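K.L.:
Next up is a structure, given as structure tokens.
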Amino acid sequence: MTDCLKSASIAFVTMEIALEPGMRCYSGGLGVLAGDYALAAADIGLPMVFVTLASREGYVRQGIDAQGHQIDVPDPWDLEKWAKPLDPVVRIVLEGRQVAVRAWVHELQGEGGARIPTLLLDTDLPENSAEDRKLTGRLYGGDERYRLLQEAVLGMATSHILKALGCTIATFHLNEGHAALLPVELVRKGASVDEARDRCVFTTHTPVAAGRDRFPLSLAERVLGPQTRGLLERLVPGEPELDMTLLALGMSRYSNAVSCRHAETAQEMYPGVTIHAVTNGVHLGRWTAPAMADVFDRDAPGWRTDPDCLRRIAGIEPEEVAKAHGKARTHLIGEVERLSGIALDPDAPILCYARRMTGYKRPALLFHDLERLLEIAERQPFSVLVAGKAHPKDDTGHAEIARIHQAARDSRGRLSVVFLPGYGLELAAKLVAGTDVWLNVPIPPLEASGTSGMKAAVNGVLNLSTRDGWWLEGYREGRNGWAIGQEGGDPDEHGPLLLEMLEKQVLPEWYEHRDRWHCMMRDAVATVGPRFSAIRPMHEYAAEAYRLPAG
Ligand SMILES: *Cc1c(COP(=O)(O)O)cnc(C)c1O
């Protein structure tokens, strides 16, 4: 067994993680962030192990039918190719029967050579029933019973597997409420409530209700047993449901939200506990295009482990950043043509909207007044790239995808709108590196953080975003992008404002002041890179949440 596993004292427990494009045990932002944190933990040598479900069937492979509707198909992947099976098998009791769980291990290596293991929990064992073998199959699939069973595997098997592997875990980091049964299992196995609480920290990732798992107590009783139901009612008194967020908050010694603004929102939602702010970050080495990384290596050496080095980019010629971005841009234009058959105009700026397709993110806001948009495009041409999956049960998200396809058809000949199916690690890397404007229009304060805009900024892409999440901390007026609307402004005004800013600020800057545009690109790198690297939040977690000695 591997040494990095033995020396781990912090376990980061997450329903999903995006480590490699071929390991499809992730759906989107939550998993990509976990993957970035694993990489950053390796870079700075934190003694961590990450734990997730194997999710052999993946999440959703996105097909689009002739009418522009998303078709949801499973997206299986080869666990055997990416991870090695470990010997110990632990058994947990679900719905009154024993379910066997084993772990597979994947390892990644950081800049200094330190390794970080990820355990992938798997119930696909011959001794389990056919149904139980599929429990760790489809990420976020099935009904609410399936979801609770999955979260029970994650929450209840993790501590036993780690113990069986010889790990001594001081702190469990519950990444979102999915892992909230972990401290419950510690209590069931003999810890006092205070002892269990003292071993857990919790991060809440969204104020949106759909991201907050709640289960009927009757279902909890059926899945976890009457005694555990009684325990849950003691741990979170007076709740008519099993609310995984409230459970995690109540059973953690430290809780945080993922941006300053989100911490304020979460503090209002959960007044009884202190919610700290640890603003998200992204793994710069993973998200920086090769040509841009070359610039950093030359002009900001050391940036891979000390992101502060990127401040030096403020002093280089803007054209250096523009040239490096130009390579990624040319590559992207080639990829778009290969994937869609559409040749984008290389002289026109490329706007990109790529994120999960769901209501509060307003994926079709750009198209709310299509005639006006097309008029703007006639005088100052630009192209639009769109990507993103809808959760199979999110009807609004599905409708938005269909609306965007309709807008693309209605724009034909006057504006290129290209929908690229299958938003995932690989497509995201191309888009954040090669587009010119990164569009983000959530209804404030519902975007807890957002991370794709950070990836774009370090590649010299300018953000055009409503005032929400990380952008409130990253935006420098007129220097590194644009903010839509005023804080506390009416969200219904964002659509018209977006078109007005496009027409009067963004496009004129491109067509009439390209030198200033290049300065903004450079300053986006120099202002966002140092503050929004995943290394910064990992240092914050280490010091404040994990209580690790500094250094
Ligand atoms: C970064 C990333 C996300 C999260 O981006 P948001 O800005 O938070 O929407 C989602 N999916 C993929 C594939 C990503 O790379």
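Each reported figure results from applying straightforward, stated rules to the coordinates on display, with no laboratory input. All of these numbers come straight from a predicted model, not from anything done at the bench. Backbone-built Cβ (ideal geometry, glycine too); neighbour counts: all protein chains shown.
K.L.:
Just to confirm the filter: which trypsin sites (Lys or Arg not before Pro) across region 177-285 are DSSP coil and have at most 14 other Cβ within 10 angstrom of their Cβ? If you can, show how the numbers build up before the last one.
P.N.:
Working: sites: 188, 189, 197, 199, 212, 214, 222, 229, 234, 253, 261; in loops: 189, 199, 212, 253.
In loop regions of region 177-285 (DSSP not H, G, I, E or B), the sparsely surrounded trypsin sites (Lys or Arg not before Pro) are 189.
K.L.:
Further question on the same structure: Where does each of 178, 398 land when they are ranked from fewest to most other beta-carbon atoms within 10 angstrom? The partial results should precede the final answer.
P.N.:
Details: 178 25, 398 19.
Listed from fewest to most nearby Cβ atoms, that is 398, 178.
K.L.:
What lysines could a cross-link reach from residue 327, if we take a straight Cα to Cα line under 21 Å and drop same-chain neighbours fewer than 8 places away?
P.N.:
In chain and number order, the partners are 430, 455.
K.L.:
Report, to the nearest 10°, how far helix 290-299 tilts away from the longest principal axis of the Cα atoms in the chain, using its own Cα long axis and a range of 0 to 90°.
P.N.:
Approximately 90 degrees, to the nearest ten.
K.L.:
Using the Karplus equation 6.51 cos²θ - 1.76 cosθ + 1.60 (θ = phi - 60°), what ³J(HN,Hα) coupling, rounded to whole Hz, does each residue of region 40-53 give in order, writing x for Gly and Pro?
P.N.:
Once rounded to whole Hz, the list reads 5, 4, 5, 4, 9, x, 7, x, 10, 10, 9, 10, 8, 8.
K.L.:
List the residues whose amide H sits under 5 Å from the amide H of residue 484, counting only those 5 or more places along or on another chain, with H placed 1.01 Å from N in the peptide plane.
P.N.:
Under 5 Å from the amide H of residue 484 lie the amide H atoms of 465, 466, 467, each far enough along the sequence or on another chain.
K.L.:
Sort 344-356, 431-443 for me by packing, meaning the mean count of neighbouring Cβ atoms within 10 Å per residue, highest on top.
P.N.:
Details: 344-356: 19.6, 431-443: 24.9.
Taking the mean over residues of other Cβ atoms within 10 Å, the ranking is 431-443, 344-356.
K.L.:
Against the empirical 2.2 N^0.38 Å scaling, what ratio does the C-alpha Rg of region 327-478 come to? Intermediate results must be reported in sequence, preceding the final value.
P.N.:
Working: Rg = 14.6 Å, N = 152, 2.2 N^0.38 = 14.8 Å.
That ratio works out to 0.99.
K.L.:
Once you have the alpha carbon radius of gyration of region 247-386, what is it after dividing by 2.2 N^0.38 Å, with N set to its residue count? The partial results should precede the final answer.
P.N.:
On the way: Rg = 20.8 Å, N = 140, 2.2 N^0.38 = 14.4 Å.
Rounded to two decimals, the normalised Rg is 1.45.
K.L.:
Follow-up question, since we're still on this one. Mind checking which of 120, 88, 64 is farthest towards the positive end of region 49-132's charge dipole, using Cβ charges of +1 (Lys, Arg) and -1 (Asp, Glu) about the Cα centre?
P.N.:
88
K.L.:
Let me know the Kirkwood hydrodynamic radius for region 415-551, please, with Cα pairs as the basis and the value in Å to one decimal.
P.N.:
Numbers: mean 1/r = 0.0616 Å⁻¹.
Value: 16.2 Å, from the Cα pair sum.
K.L.:
Please give the Cα centre distance for region 142-197 versus region 483-505, rounded to the nearest Å.
P.N.:
The two parts, judged by their Cα centres, are 44 Å apart.
K.L.:
Pull up all non-local amide H partners of residue 64: gap of 5 or more, or a different chain, and H-to-H distance under 5 Å with H placed in the peptide plane.
P.N.:
For residue 64, the qualifying residues are 71.
K.L.:
Would you work out the charge dipole size for region 444-532 about its Cα centre, treating the Cβ of every Lys and Arg as +1 and the Cβ of every Asp and Glu as -1, and quote it to the nearest 20 debye? Mind showing how you got there, number by number?
P.N.:
Numbers: 9 positive and 14 negative charges, 115 e Å.
Using Cβ point charges on Lys, Arg, Asp and Glu, region 444-532 gives about 560 debye.
K.L.:
Go ahead and estimate [θ] at 222 nm for the chain from helices alone: -39,500 (n - 2.57) per DSSP H run with n ≥ 4, summed, over the residue count, rounded to 500.
P.N.:
-11500 deg cm²/dmol
K.L.:
Using the Kirkwood formula on the Cα atoms of region 1-142, what hydrodynamic radius do you get, in angstrom to one decimal?
P.N.:
On the way: mean 1/r = 0.0626 Å⁻¹.
Every distinct Cα pair counted, the radius reaches 16.0 Å.
K.L.:
Based on the mean of other beta carbon atoms within 10 Å per residue, what is the order of 299-312, 64-77, most packed first?
P.N.:
Values: 299-312: 18.2, 64-77: 14.4.
The most tightly packed comes first, giving 299-312, 64-77.
K.L.:
Among DSSP beta bridges whose residues both lie in the chain, state the antiparallel percentage, nearest 5. Write down the numbers at each step before the final one.
P.N.:
Details: 23 of 67 bridges.
Among the beta bridges of the chain, antiparallel pairing accounts for roughly 35 percent.
K.L.:
Counting only residues 5 or more places away or on other chains, whose amide H sits under 5 Å from the amide H of residue 242 once H atoms are built in the peptide plane?
P.N.:
Sorted by chain and number, the residues that satisfy this are 215, 217.
K.L.:
Turning to a different aspect of this structure: Apply the Karplus parameterisation 6.51 cos²θ - 1.76 cosθ + 1.60, with θ equal to phi minus 60°, to every residue of region 475-484 and state each ³J(HN,Hα) to the nearest whole Hz, in sequence, with x for glycine and proline.
P.N.:
Those phi angles translate into 5, 10, 2, x, 10, 10, x, 9, 10, 8 Hz.
K.L.:
Separate question: Over the Cα atoms of the chain, each weighted equally, I'd like the Debye log10 I(q)/I(0) at q = 0.07, 0.11, 0.13 Å⁻¹, rounded to two decimals.
P.N.:
-0.39, -0.97, -1.33
K.L.:
Apply the Karplus parameterisation 6.51 cos²θ - 1.76 cosθ + 1.60, with θ equal to phi minus 60°, to every residue of region 240-248 and state each ³J(HN,Hα) to the nearest whole Hz, in sequence, with x for glycine and proline.
P.N.:
So the Karplus estimates, Gly and Pro as x, are x, 10, 8, 9, 5, 5, 4, 5, 5 Hz.
K.L.:
Taking the Cα centroid of region 303-367 and of region 421-468, what is the distance between the two, rounded to the nearest whole Å?
P.N.:
Centre-to-centre (Cα) distance: 9 Å.
K.L.:
What order do you get for 275-283, 457-465 when each peptide is scored by the mean count of other beta carbon atoms within 10 Å, highest first? Don't skip to the end; give the middle numbers.
P.N.:
Working: 275-283: 23.6, 457-465: 27.6.
With the highest mean Cβ count within 10 Å placed first, the list reads 457-465, 275-283.
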